[in-house]
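What follows is a short report on a single structure.
The values are calculated or read from the model by the stated rules, or taken from the named source; none is laboratory data. Computed from a predicted structure; not experimentally measured. In this analysis, Cβ positions are derived from the backbone assuming ideal geometry, glycine residues included, and neighbour counts consider all displayed protein chains. Heavy atoms of the whole protein, side chains included, go into the accessibility calculation; ligands, DNA and RNA do not. Shrake-Rupley method; radii C 1.70, N 1.55, O 1.52, S 1.80 Å.
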Amino acid sequence: RSRLLVEYAWQLYAAQRWGEAVDVAREAASWWERLGDPAELSRTLVVLSRAAYMADRPAEAMAAVERAGRVATRIDDPAALAYAHTYRGALLTLTEQPGAALPLLHAARDLAERAGREDLVAHSLNYLGCARVDLGDDGGVEDQRASLDHALAIPHHEYAARAYTNL
């Protein structure tokens with residue numbers, strides 16, 4: 001049920017039904033918490049954060065992704081921590097805090113590489129590039145191009161689309 005709810009939340013997100021996606025992601029997080037699965041709880045909190053951001057609830061989005069990071073820090077799962085860091089870094093970049101995003105995005109990329117998660121390498125490079133460009137560093141465009149190359153090579157269509165959009 002928990003896995004189904006997480007997938008449903010992403011589908012609602014893709015359908016731009018963000019308020020419903022928030023509700024479903026909250027329910028999924030509640031289930032993972034009851035089941036005692038911190039890795040899945042952390043990942044689901046990232047989904048909740050993303051939906052909340054799109055539902056114009058930036059404070060709720062930040063609270064969820066910060067909690068995801070705290071949960072992931074307590075377990076030995078570099079992929080879960082990379083996932084939380086990359087989305088928190090993206091959220092900081094999207095809310096005009098690129099300086100605060102940079103260390104998280106660098107850490108996310110390093111964790112994703114160690115975990116063998118090329119998708120998260122692509123995602124972190126994308127927002128690392130955005131943050132750098134926002135700070136006046138045109139070298140960030142190369143990070144975005146590397147993100148696109150990673151996403152296309154996997155292939156990961158959503159992250160490729162984000163890279164194209166942000167470029």
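Things worth noting here:
- Some residue of segment 126-147 being modelled with pLDDT of 95 or more, among the β-branched types (Val, Ile, Thr) and under 21 Å from Val65 (Cβ atoms): no
- Flag for Ala131 being in contact with a helix residue (DSSP H, G or I) (Cβ under 6 Å, 6 or more places away or on another chain), over 23 Å from Ala14 (Cα atoms) and not acidic (Asp, Glu): yes
- Filter result (over 19 Å from Glu158 (Cα atoms), part of a helix (DSSP H, G or I) and charged (D, E, K, R)) within segment 1-35: Arg3, Glu20, Asp23, Arg26, Glu27, Glu33, Arg34
- Cross-chain or 6+ apart pairs with Cβ under 9 Å, segment 99-112 first and closer than 11 Å to Ala79 by Cα, then surrounded by fewer than 21 Cβ atoms within 10 Å (Cβ to Cβ) and among the β-branched types (Val, Ile, Thr): none
- Qualifying residue in segment 53-66 (condition: at pLDDT 95 or above, among the β-branched types (Val, Ile, Thr), touching a Ser or Thr at 6+ places or on another chain (Cβ under 6 Å) and assigned to a helix (DSSP H, G or I)): yes
- Test result for Gln11, out of contact with any Gly (no Cβ under 9 Å at 6 or more places or on another chain), free of Cβ contacts under 8 Å to residues at least 24 places away in the same chain and either basic (Lys, Arg) or open to solvent by 50 Å² or more (accessible area, probe 1.4 Å) (or both): yes
- Candidates in segment 93-121 are the residues that are within 11 Å of the chain's Cα centre (by Cα) and either of a type in the set (Gly, Ala, Ser) or surrounded by fewer than 24 Cβ atoms within 10 Å (Cβ to Cβ) (or both); of these, the one that is nearest to His157 (Cα to Cα) is Asp119.
- Total residues in segment 128-167, condition of a type in the set (Asp, Glu) and open to solvent by 80 Å² or more (accessible area, probe 1.4 Å): 4
- If the condition is being open to solvent by 30 Å² or more (accessible area, probe 1.4 Å) and small (Gly, Ala, Ser), then segment 20-34 contributes only Ser30.
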